[in-house]
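The values are calculated or read from the model by the stated rules, or taken from the named source; none is laboratory data. What you see is a predicted model; the values in this text were computed from it and never measured. All Cβ positions, even for glycine, are placed from backbone atoms using ideal geometry, and neighbour counts span all protein chains on display.
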Amino acid sequence: APTTVPARPGIPVPREDLAGMHPYGAPQLDVPHMLNVNENPFPPSPALAAALGAAVTEAAAGLNRYPDREFTALRSDLAAYVGAEAQVPTPEVDQVWAANGSNEVMHQLMLAFGGPGRTALGFAPHYSMYPEYARDTFTRWVAAPRGPAPDFALTAEQVTDAIAQHDPDVVVLTSPNNPTGTALDLELVRAAAAALAPRRGLLVVDEAYGEFRRDGVPSALTLLPELPNLAVSRTMSKAFALAGARVGYLVADAAIVDAIRIVRLPYHLSAVTQAVARTALAHAEELLSQVKVLREERDALAEHLLARGHEVAPSDANFILFHVGGDRHAVWQTLLDHGVLIREVGPEGWLRVSIGTPDDNAAFRTALEEADPR
Ligand code: PMP
């Protein structure tokens, strides 16, 4: 079995509970159609790339100094963006936090609200990193099941029953969910927050894919004024087309943000990251301009897969989980042989494809004819 404990004498031994573990991450392969990590396939325009470069040059002139530890200007820009996007009043700066991707945001949440003797609850299938944040912070991770395929629905009753059963300190709900694409209605979020309130637990709603939700599906941000135990996590990696910059953020009661400020490493957000993120936010309209196309492509691809006879999980995100016949690894491999990299994730027999450019999606459809003939 693989192990992180080196066999060579003299090499220090890591924590026993890390033995046999692999670092998390999907394959990074140089292929024509990269549809495996839910990125936005549209790169910044040359003009925007130049603006980002200019911002980095300006920041570079001051790199002998540590960056603004509280990154107040960036938090203020994020507050304005998220308020407009979710159609809620602009949050106060002290209600907004950011870190190197929403992975780090949620890791920090678990550092502050998880810990030894504490439990975090999620609903499977869920994003694979959640148990790792728990492991790193010595938090017990419990996964209750979502409903059956192809909907993978979650009801308020399932959530409140699981809360009653496991008595968690932290509950993570994901909307839209990865890898299923399922969005949650706000009544469920309200019910979860109410069930957690007497336990003084934290409800995290991970909206990494929030901007892709269908019209009329409100963000959990609309609930913040009524729910002091809610933290909504978001990212610039997906709809915002800025995965390479590593910027995630959350909005919550200022007391929740203050707890994170205790556990964050000093100066965790570099001056370069802050400059790039602020410049990108100033060009939000351009960066988000392809979201409509991606949503339309998603819906068209779901129709196509259904017409081919696949089971398809209804998606509010920029990816689709679908069922294939036979050996899913063989299907995945044949797609890759045709230059299309997707993801082997989710329940056995299911695969997840990120929505690419119209050209990527066409290549995927063509390759699928070979990989899973019907
Ligand atoms: N949450 C979910 C549900 C995700 O799918 C991802 C990335 N795949 C993340 C959080 C983390 O993304 P990032 O760190 O790039 O913000």
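Can you say whether Leu29 is within 26 Å of Ile355 (Cα to Cα), more than 16 Å from the ligand (Cβ to nearest atom) and touching a helix residue (DSSP H, G or I) at 6+ places or on another chain (Cβ under 7 Å), as far as the supplied structure shows? No; evaluated as a whole, the condition is false for this residue. Among the residues of segment 151-181, those that are within 16 Å of the ligand (Cβ to nearest atom) and of a type in the set (Val, Ile, Thr) comprise Val170, Val171, Val172, Thr174, Thr180.
Note on segment 210-231: residues that are within 11 Å of the ligand (Cβ to nearest atom) and either assigned by TED's automatic domain parsing to the domain that holds Glu39 or of a type in the set (A, V, I, L, M, F, W, C) (or both) amount to 0. The combined condition, being surrounded by fewer than 24 Cβ atoms within 10 Å (Cβ to Cβ) and either of a type in the set (Phe, Trp, Tyr) or in the same structural domain as Ala241 (by TED's automatic domain parsing) (or both), is not fulfilled by Phe123.
So that you can scan it fast, the table gives a plain yes or no per residue for (1) under 23 Å from Gly101 (Cα atoms); (2) assigned by TED's automatic domain parsing to the domain that holds Ala275; (3) surrounded by 10 or more Cβ atoms within 10 Å (Cβ to Cβ):
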position: Tyr24; (1), (2), (3): yes, no, yes
position: Pro27; (1), (2), (3): yes, no, yes
position: Pro32; (1), (2), (3): no, no, yes
position: Gly62; (1), (2), (3): no, yes, yes
position: Pro67; (1), (2), (3): yes, yes, yes
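Just for segment 8-22: of the residues that are of a type in the set (A, V, I, L, M) and surrounded by 10 or more Cβ atoms within 10 Å (Cβ to Cβ), which one is nearest to the ligand (Cβ to nearest atom)? I'd like the intermediate steps shown before the answer.
Narrowing segment 8-22 to residues of a type in the set (A, V, I, L, M): 11, 13, 18-19, 21.
Going one step further and asking which of them are surrounded by 10 or more Cβ atoms within 10 Å (Cβ to Cβ), we end up with 13, 18-19, 21.
Numbers: Val13: 30, Leu18: 21, Ala19: 26, Met21: 19 Å.
Ranking the qualifying residues of segment 8-22, first place goes to Met21.
Could you check, for segment 158-173, whether at least one of its residues is surrounded by fewer than 16 Cβ atoms within 10 Å (Cβ to Cβ) and among the polar types (S, T, N, Q)? Looking for residues that are surrounded by fewer than 16 Cβ atoms within 10 Å (Cβ to Cβ) and among the polar types (S, T, N, Q), one finds at least one in segment 158-173, hence yes.
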